[in-house]
Amino acid sequence: MKKLVIILLMLGFVQPVYSDTGWVENATVLRTLVQDKTYGNCMVYLDKLIADTGLDCPSRWIAFSCDGTFNARDVASKMLDSAMMAFALERKISVRLDDNKKHNGFCTVLRIDVLPK
């Protein structure tokens with residue numbers, strides 16, 4: 001079986017699945033959104049175009065997946081809390097996004113760092 005998989009990979013019949021992830025650095029949160037049943041239930045709007053990083057994310061909105069689709073609900077909620085704290089304290093954030101995990105076309109956050117002033 002192992003030899004068959006290797007042969008199929010060599011012939012190009014089996015393509016590995018890769019997730020495209022990337023960072024948006026030193027971004028400012030301009031808006032927050034919490035809504036039931038769409039956009040993964042929670043999002044923020046950044047001052048930077050995400051597509052400039054090379055990711056397939058056509059908007060400045062990013063989703064945390066508070067509904068539990070791509071992140072555990074408690075983790076997503078804590079990430080949203082971090083983003084809201086940065087918004088309130090006027091701190092910048094850096095986020096790692098996955099453009100293969102989308103809510104209504106908006107990329108999902110995998111990690112958020114709140115930066116010092």
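Values quoted throughout were computed directly from the atomic coordinates according to the rules given, and no laboratory measurement underlies them. Predicted model only: the values in this text are computed from it and were never measured. Cβ atoms come from the backbone with ideal geometry, glycine included; neighbour counts cover every protein chain shown.
Peptides 20-28, 104-112 ranked from most to least packed, by the mean per-residue count of other Cβ atoms within 10 Å: 104-112, 20-28. Residues whose amide H lies under 5 Å from that of Leu46, counting only those 5 or more places away or on a different chain, are Leu30, Trp61, Ile62; hydrogens are built 1.01 Å from N in the peptide plane. Spin-label model, Arg96 to Lys78: label points 7 Å out along the Cα-to-beta-carbon direction sit 1.5 nm apart. Under the classification rounded if a/c is under 1.5, otherwise prolate if a/b is larger than b/c and oblate if not, where does region 30-117 fall, given a ≥ b ≥ c as square roots of the Cα gyration tensor eigenvalues? Because a/c hits 1.5 or more and a/b fails to exceed b/c, region 30-117 counts as oblate.
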